[in-house]
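Structure first, commentary second.
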Amino acid sequence: MKKLNLFCFPYAGGSAAVFNSWRRYLHRQIELVAVELAGRGKRIYDPLYNDLDEAVEDVFGIIKDKLNEAPYALFGHSMGGVIAYELAQKIRQLPCAQPVHMFFSGRGAPHIAAEDDDPYWHLPDHEFKEKILELGGTPREFFEHPELLEVFLPLLKNDFKIAELYRGSETVKPLETDITVFIGKEEEVTSERIIGWKTHSQRLCSLHFFNGGHFFINEQTQKVVKIINNTLLEELQRHTPL
C-alpha cells in the first residue's frame, strides 16, 4: 500500500505532541511525521534557535533523509507555517523530491507584514503571560506551576521572538505545488494577508475557514484532518504510477 509522509511543524511553544490527536483521524495511507523542534519534548536540552533560519536548517537536517522515501507534504501552524514555507523554498533549490502539497495554517502570507502592535516577546513576563492567555491554547493553570513555567516561559518567549522578527521577502516566489490555507474566523489576520497566499502557488490555492480563534486546529481537529485526508489521497493517486 502506497504511503505519503506528512511532516508537521507546531506553533510557538508547541511540541510534536500537539499532533498526537491527529493519528486517530488520519487515513492509514498518510504517515504522520511530527517534527520535534529544539528545546521541547525529547529535545528539551537542545539550545533554542537564534532565528528562523536556524530552525529551518535544523528541521531540514531532521527530515532530509526521508524526502526521497515516499511522496510527502508539509504542514505548519502559525510559527510552524513560516518554518514550512521557508523549508519549501530551501528544498526547491535542491536536487531532491519536492513536496506534493503544502498546508499553511493560522498565518497570513509571508510577503505581507502583519499590522501588529508591540511584539509580545519583549513584554515583561506578567504582560506576556496575559497576552498568551488571550490568544488561547494555554490553560491559565499552566502558569501557576513554577517548575513548568521556568522551562516553558523562556521557550515560548524565544519562539515568539523568532516568529515576530521574521520578515518574509517582499518578492513572491510562487511554489510549484498546490497549497491549502486554514484560518480561524476569529483570528486577527487581515483579508489581504489571507488572499495573499494565492500568489504563492503557481497552481491551486484553496482557502478554508473554521469557527474559532488562533487555536482552531485544537478545537476543529477532525474537520481539519478530514480536509488533509481528502487532499492528500488525491495527491497520492496523482503521484502513484499506474
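Since every read-out is calculated from the coordinates, none of them should be taken as a lab result. Just so it is clear, the model here is predicted, and its values are computed rather than measured. Neighbour counts are summed over all protein chains in view; Cβ atoms, including those assigned to glycine, are modelled from backbone coordinates with ideal geometry.
Some notes on this structure:
- The Cα center of the range 41-90 and the Cα center of the range 166-242 differ in position by 17 Å.
- Ranked list, fewest to most other Cβ atoms within 10 Å of each Cβ, for LEU37, LEU236, LEU153: LEU153, LEU236, LEU37
- For the chain, the residue among SER21, VAL172, ALA38 whose Cα projects farthest onto the positive side of the dipole built from Cβ charges is SER21.
- Residues of the range 142-181 with amide N under 17 Å of the 7 Å Cα→Cβ point at SER21: 142
- Under 16 Å from the Cα of LYS185 - lysines, other chains or at least 8 residues apart: LYS223
- Taking every alpha-carbon pair in the range 1-76 and binning the separations at 5 Å intervals from zero gives 3, 14, 26, 25, 18, 10, 4, 1, 0 percent.
- By the helix-only formula, in which each DSSP H run with n ≥ 4 contributes -39500 (n - 2.57) and the sum is divided by residues, the chain has a 222 nm mean residue ellipticity of -10500 deg cm²/dmol.
- When the pairs LYS66/LYS226; LYS2/LYS161; LYS42/LYS90; LYS2/LYS198; LYS42/LYS129 are compared against a 28 Å limit on Cα-Cα distance, LYS2/LYS161; LYS2/LYS198 fall above it.
- Nearest 10 degrees, 0 to 90: helix 125-135 Cα axis against the chain principal axis: 40
- As a rough footprinting exposure proxy, the listed residues LEU4, LEU232 were ranked by other beta carbons within 10 Å of their own, and the order from fewest upward is LEU4, LEU232.
- Summary value for the chain: 22 percent relative contact order, contacts being C-alpha pairs under 8 angstrom separated by 6+ residues.
- Dipole magnitude of the chain, debye to nearest 20 (Cβ charges: Lys/Arg +1, Asp/Glu -1, about Cα centre): 1360
- Spacing of the modelled spin labels on THR221 and GLN237, each 7 Å from Cα toward Cβ, amounts to 2.8 nm.
- The angle separating the long axis of helix 146-165 from the principal Cα axis of greatest extent in the chain is about 60 degrees.
- The angle between the Cα long axis of helix 52-63 and the longest principal axis of the Cα atoms of the chain comes to about 50 degrees, rounded to the nearest 10.
- The residue list LEU155, HIS200, PRO10 was ranked by how far each Cα lies along the charge dipole of the chain toward its positive end, using unit charges on Cβ atoms, and HIS200 comes out on top.
- Residue exposure sequence - ARG23, ARG43, ARG28 - by fewest surrounding Cβ within 10 Å: ARG28, ARG23, ARG43
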